[in-house]
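Take a look at the structure below.
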Amino acid sequence: MEFARRGVMMVLASPSGAGKSSISRAIFEQDPNISLSVSVTTRARRQDEIDGTHYTFIDIPAFERMREEGELLESAQVHGNFYGTPRAHVEEKLARGRDILFDIDWQGTQQLLKRARADMVTIFILPPSIRELRKRLERRAQDSKETIAQRLHNARVEMEHWKEYDYVLVNEDLDQSCARVRSILAAARQRRDRFTQMDSFVKDLQSQIDSL
Ligand code: 5GP
C-alpha cells in the first residue's frame, strides 16, 4: 500500500572533497523518487560539469536579480562565489511526494531550517582523514593549487558546523555511506507528520471495528 505523503528535503553537507557528490550520484541511480535541487552559481563551470544538470551557471548580475526578486529559497557566498537554491519547483515537488536532495553549505542549511524544518532531514558527511580529503581534492586536478588550499581552509570552517545537523557519517567506504544515507531517507519518509491522508485511513479502520 502506498499512502500520499509530502516529499522529504534531504540536505547533504560536507567539506568539498568528502565524497558528497559520489554519494548523491549513487543515491539518484538507485532511487528514482529523489532528485537533486540544481543550484545556481556564479562559479566557473568545471570541465566535467553540465550546465543545468550539476548547476545552472549564471553571472553576478543575474544572481543578484534572482536574490532581489525572491526567487532563491536560500543563498550564500562559498569559496568566494555565490550559490543559491531556486525556489521554482521545490514546493510543487514536495506536494507531489517527490523527495529533493540539497547539496548546500551550512549557511544555506540554516536558512532552509528557519523556513521548512518539518520537511527536512540533514546529514553531515566527514572525511576519514585530512590526508584522504587532500587526495580527493588533488585527484580532481581541475582546481588550481590556490583553490585547493582555499578549499582545505574552508573545510575547517565547514566542519565547525557538524553539530547543527541531524545525522553525521564518516565517509570511509562509499557503499556503506550510501546504505546509511538510504536508511536515513527511508526513516524520514515514514515520519508521521508527512502523511497527508493517514487520518482518514485510521478513522476508516476504526469505523470498521465499530461496525463489526
Ligand atoms: P562546489 O563549488 O565545490 O561545487 O561547491 C562548493 C560548496 O558550495 C559546497 O559545500 C556546496 O555544498 C555549496 N553549495 C552548492 N550549491 C549551493 C547552494 O545552492 N547554496 C548553498 N548555500 N551552498 C551551496
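The values are calculated or read from the model by the stated rules, or taken from the named source; none is laboratory data. Computed from a predicted structure; not experimentally measured. In this analysis, Cβ positions are derived from the backbone assuming ideal geometry, glycine residues included, and neighbour counts consider all displayed protein chains. For the accessible areas, the whole protein counts, side chains as well, though only heavy atoms, and no ligand, DNA or RNA atoms are used. Shrake-Rupley method; radii C 1.70, N 1.55, O 1.52, S 1.80 Å.
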Check: Roughly to the nearest percent, how much of the accessible area of the chain is carbon and sulfur, given a 1.4 Å probe?
Finding: 50 percent
Checklist line | Of A76, I23, N33, farthest towards positive along the dipole that unit charges on Lys, Arg, Asp, Glu beta carbons give region 8-93 | finding: I23
Checklist line | Ordering of 79-91, 2-14 by packing [mean C-beta count within 10 Å, highest first] | finding: 2-14, 79-91
Item checked: Computed [θ] at 222 nm, deg cm²/dmol, the chain (DSSP H ≥ 4; -39,500 (n - 2.57); rounded to nearest 500) -> -13500 deg cm²/dmol
Checklist line | the chain - share of DSSP beta bridges that are antiparallel (%, nearest 5) | finding: 30 percent
Checklist line | Charge dipole magnitude, Cβ of K and R +1, D and E -1 - region 18-92, Cα centre, debye nearest 20 | finding: 320 debye
Next item on the list: Take the chain, connect every pair of alpha-carbon atoms lying under 10 Å apart with a spring to form a Gaussian network, then pick out the residue of M198, M66, M159 with the largest mean-square fluctuation.
Entry: M198
Notebook entry, point to check: Relative to the present Cα-Cα distance, how much length would full extension add between D31 and R65 at 0.36 nm per residue of separation?
Noted result: 8.8 nm
Note to self: Regarding region 1-88, what's the average projected area of the Cα-atom convex hull, expressed in nm²?
What the structure shows: 7.2 nm²
Note to self: On a full-extension model of 0.36 nm per residue, what is the gain between H161 and K145, subtracting their alpha-carbon distance, rounded to one decimal in nm?
What the structure shows: 3.2 nm
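Where the only charges are on Cβ atoms (+1 Lys, Arg; -1 Asp, Glu), what is the dipole of the chain about its Cα centre, to the nearest 20 debye?
Dipole magnitude for the chain comes out near 380 debye.
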Notebook entry, point to check: To the nearest 10 degrees, how steep is helix 198-210 against the longest Cα principal axis of the chain, on a 0 to 90 scale?
Noted result: 20 degrees
Next item on the list: Measure nothing fancy, just the Cα-based angle from helix 106-116's long axis to the longest principal axis of the chain, in degrees from 0 to 90, nearest 10.
Entry: 20 degrees
Item checked: Farthest toward positive dipole pole in the chain [+1 Lys/Arg, -1 Asp/Glu at C-beta], among F195, P86, A179 -> A179
Next item on the list: Find, to one decimal place in angstroms, the Kirkwood hydrodynamic radius of the chain, where the mean of 1/r is taken over every pair of different Cα atoms and then inverted.
Entry: 18.6 Å
Next item on the list: Could you tell me how many degrees, from 0 to 90 and to the nearest 10, lie between the Cα long axis of helix 174-189 and the main elongation axis, the longest principal axis, of the Cα atoms of the chain?
Entry: 40 degrees
Checklist line | Pairs beyond 32 Å (Cα-Cα), from K93/K203; K163/K203; K93/K145 | finding: K163/K203; K93/K145
Check: For the chain, what's the relative contact order in percent, using C-alpha pairs closer than 8 Å and at least 6 residues apart?
Finding: 34 percent
Check: Just Q47, Q77, Q111 to compare: in a GNM of the chain, with alpha carbon springs under 10 Å, which one fluctuates most?
Finding: Q47
Margin query: Need one number: the % of Cα-Cα pairs in region 111-152 sitting beyond the 13 Å mark.
Written below: 65 percent
Next item on the list: Using the heavy atoms of the protein chains and a 1.4 angstrom probe, tell me the accessible area per residue for the chain in square angstrom.
Entry: 58 Å²
Note to self: Output needed: percent of Cα pairs per 10 Å distance bin for region 145-212, bins running from 0 to the one holding the longest distance.
What the structure shows: 15, 23, 25, 16, 11, 6, 3, 0
